[in-house]
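The values are calculated or read from the model by the stated rules, or taken from the named source; none is laboratory data. Keep in mind that what you see is a predicted model, and the values were worked out from it rather than measured. Reconstructed Cβ throughout: ideal geometry from the backbone, glycine too, with neighbour counts over all protein chains shown.
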Amino acid sequence: MREVLAARAAGGIRGRGDVPPRFRPPLPPRHFVGRDTELARIRAGVTVLHGPGGVGKTALALEWLREKGSGDQLCVDLAAHDLGRVLRAFGLRTEPEDEQAVFRALVARRQFTLLLDNAASAEQVTPLLPASGTVLVTSRSRLDLPQAREIAVGPLPDDERLGPLLDRSYVELPERQARLYRLCAWEPDAFGVPVAAAIAGEPECDVEDALDDLVEKALLTEVGDDAFRFHELVRAHARAKRYQ
Ligand SMILES: Nc1ncnc2c1ncn2[C@@H]1O[C@H](COP(=O)(O)OP(=O)(O)O)[C@@H](O)[C@H]1O
Ligand SMILES: [Mg+2]
């Protein structure tokens, strides 16, 4: 009953203004390649993109939103954003127990195309799904949501188009960034600023800015608080640069 009342109350509320910048999907990586089959399979309704961390689920979702998504788009990182915070950003305040219903009503009212990134379970996602519209969900596990299209996202094939695209980004890099790109690619796994600074023999503050720059250019991935990692294909490209 409480749920019905909350949904009805929210039905009258549109949520003010534009989508707050923090909850708009960012642009996909500039050198996005491949995934033609997966992109073609995503349609209206609910689609779950599942696969291991770092395989390219978020990039795929963002590319689809850029290419084919329409209307206002709302992106909620379920691992990082608290639902109450999302609602408050729209000027909606509600009791914690009503948040899910109000969120659904907001999405339905504004006809948002929704990206729910980093879902942990079906239980987490189900209460957030609007009755209609387009929803992309990314998750490390199969969610088996009823009536959802499930797309397994596997590693990118060694696509030869990636090389030239990465080259284009690489030649535009300032020397410090280019050098870090070449050197840090020899780290086998995630690394932090102190490690990168030690490898480069440069002050941490300069290295931190340069790493952020590489992340912005989608050559490096931030995988947590001040930890960075190369996508495996990008790493191979960066390593090859050392010999050129
Ligand atoms: N199709 C692609 N083309 C180019 N780069 C990609 C592609 N897919 C992923 N990447 C890069 O790989 C890294 C990891 O991708 P991401 O989408 O964040 O993985 P996931 O969401 O599965 O953890 C990012 O740096 C991203 O830019
Ligand atoms: Mg992701």
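Just a few scattered comments:
- For segment 52-82, the set of residues classified as more than 16 Å from ligand 1 (Cβ to nearest atom) and without any contact (Cβ under 8 Å) to a residue 40 or more places away in the chain consists of 82 only.
- Residue match in segment 51-65 (condition: over 21 Å from residue 155 (Cβ atoms) and assigned by TED's automatic domain parsing to the domain that holds residue 136): yes
- Flag if residue 93 is away from ligand 2 (no atom under 12 Å from the Cβ), assigned to a helix (DSSP H, G or I), farther than 14 Å from residue 153 by Cβ and out of contact with any Ser or Thr (no Cβ under 8 Å at 6 or more places or on another chain): no
- Answer from 150, 202 - the residue that is farther than 18 Å from residue 73 by Cα, away from ligand 2 (no atom under 16 Å from the Cβ), in a strand (DSSP E or B) and in contact with a Lys or Arg (Cβ under 9 Å, 6 or more places away or on another chain): 150
- Looking only at segment 194-225, residues that are out of contact with any helix residue (DSSP H, G or I) (no Cβ under 9 Å at 6 or more places or on another chain) and at positive phi come to 2 in all.
- Whichever residue in segment 130-159 is in contact with a helix residue (DSSP H, G or I) (Cβ under 7 Å, 6 or more places away or on another chain) and of a type in the set (A, V, I, L, M, F, W, C) and, among such residues, is modelled with the lowest pLDDT: 156
- For the residues 91, 51, the requirement of being buried (at least 19 other Cβ atoms within 10 Å of the Cβ), in contact with a Lys or Arg (Cβ under 7 Å, 6 or more places away or on another chain) and of a type in the set (Gly, Ala, Ser) singles out 51.
Every residue, every condition in (1) free of Cβ contacts under 8 Å to residues at least 60 places away in the same chain; (2) assigned by TED's automatic domain parsing to the domain that holds residue 137; (3) within 20 Å of residue 28 (Cβ to Cβ), yes or no:
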{"residue": "171", "(1), (2), (3)": "yes, no, no"}
{"residue": "191", "(1), (2), (3)": "yes, no, no"}
{"residue": "201", "(1), (2), (3)": "yes, no, no"}
{"residue": "205", "(1), (2), (3)": "yes, no, no"}
{"residue": "228", "(1), (2), (3)": "yes, no, yes"}
{"residue": "234", "(1), (2), (3)": "no, no, yes"}
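- Condition check for residue 46: of a type outside the set (Lys, Arg) and more than 12 Å from ligand 1 (Cβ to nearest atom): yes
- Test: residue in segment 94-113 that is under 16 Å from the mean Cα position of the chain (by Cα) and either of a type outside the set (Phe, Trp, Tyr) or assigned by TED's automatic domain parsing to the domain that holds residue 58 (or both): yes
- All positions within segment 101-125 that are more than 16 Å from ligand 1 (Cβ to nearest atom) and exposed (fewer than 15 other Cβ atoms within 10 Å of the Cβ): 111, 121, 123
- Taken together, the criteria exclude residue 90 from residues that are more than 29 Å from residue 162 (Cα to Cα), at pLDDT below 95, touching a strand residue (DSSP E or B) at 6+ places or on another chain (Cβ under 6 Å) and not assigned by TED's automatic domain parsing to the domain that holds residue 229.
- In segment 64-88, of all residues being under 17 Å from the mean Cα position of the chain (by Cα) and more than 20 Å from residue 133 (Cβ to Cβ), the one that is surrounded by the most Cβ atoms within 10 Å (Cβ to Cβ) corresponds to 82.
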